[in-house]
Amino acid sequence: MSATERPVAAGHLVHAQQEGFAMYCLVNALLVLAMAFFFFLPMTDRRTARMKLCVVCALAVALTVSATASRPRAPAPVMMSRG
């Protein structure tokens, strides 16, 4: 790889990382909005309360897994040989 190609390759990696971070934020924001929607639903009977509790707990688990497991990371550095 020549010296003129290196900044292009590095710029591509930065762009890919920003896209991954944007998708990560979008998914987590949608999960939070879904939780808020079910949290503010009115409770009319016991069945509705149980449904609301189950959905909010399931979304909270999904948000926890998403926030801890799919965090965007930088790519591993690549060693280049001089041979």
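The values are calculated or read from the model by the stated rules, or taken from the named source; none is laboratory data. None of the values given here were measured: they were computed from a predicted structure. Neighbour counts are summed over all protein chains in view; Cβ atoms, including those assigned to glycine, are modelled from backbone coordinates with ideal geometry. Keep in mind that these areas ignore ligands, DNA and RNA; they rest on the heavy atoms of the full protein, side chains included. Shrake-Rupley method; radii C 1.70, N 1.55, O 1.52, S 1.80 Å.
Report the label-to-label distance for V32 and R46 in nanometres (one decimal), using points 7 Å from each Cα along the Cα→Cβ vector.
Taking the simple label geometry, V32 and R46 are separated by 3.6 nm.
Would you kindly state how much longer the chain becomes between V55 and M23 on full extension, computed as 0.36 nm times their sequence separation minus their alpha carbon distance, in nm to one decimal?
9.2 nm is the gain from fully extending V55 to M23.
With all protein chains present and a 1.4 Å probe, how do L30, L59 order by accessible area, largest first?
L30, L59
Give the ranking of L63, L26 by solvent-accessible surface, highest area first, calculated with a 1.4 Å probe.
L26, L63
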